[in-house]
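The values are calculated or read from the model by the stated rules, or taken from the named source; none is laboratory data. None of the values given here were measured: they were computed from a predicted structure. Quick reminder, even Gly has a Cβ in these numbers, built from the backbone with ideal geometry, and neighbours come from all protein chains shown.
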Amino acid sequence: MPAAAPTSKTHQTYKPKPTQSTSRRTVQLDLPYAPVAKRPLPPGRPREWYVSHNRRLKAMRLAIALLDSGVFVANQARDETIRSTAELIGVHAPSDTTCHMVRALMKYSR
């Protein structure tokens, strides 16, 4: 017969923090979020570095906006969906390469 687990007086029960579903007043969601203050990029890098850096930032912003809008799976994010989300958050329409990068971020972030 297995021994019973010892009961400890130090064991505490933790209450979850209030969220949208458990708080007494509604949690305000402000969309779209205000962009963070931009800092200057480091000088002296090759042009391709700046292009890929800005492409990654744009893909990240779009992936976050898609997740906020309820698109959770990469194959739900078609080019049209990504481009309409870009228009919604005030970003220039992304290229096919950037759309591919958005889907890759959503796929591999799990």
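Can you list residue pairs whose Cβ atoms sit under 6 Å apart, with the first residue in segment 57-74 being more than 11 Å from Val102 (Cα to Cα) and the second being surrounded by 16 or more Cβ atoms within 10 Å (Cβ to Cβ)? Count only pairs 6 or more apart in sequence or on different chains.
Val71/Ala77
Determine whether segment 63-80 contains at least one residue that is modelled with pLDDT under 95 and in contact with a Ser or Thr (Cβ under 6 Å, 6 or more places away or on another chain). Walk me through how you get there before you give the answer.
Of the residues in segment 63-80, the ones modelled with pLDDT under 95 are 63-80.
Checking which are in contact with a Ser or Thr (Cβ under 6 Å, 6 or more places away or on another chain) leaves us with 65-66.
Checked against the condition, which is being modelled with pLDDT under 95 and in contact with a Ser or Thr (Cβ under 6 Å, 6 or more places away or on another chain), segment 63-80 yields at least one hit.
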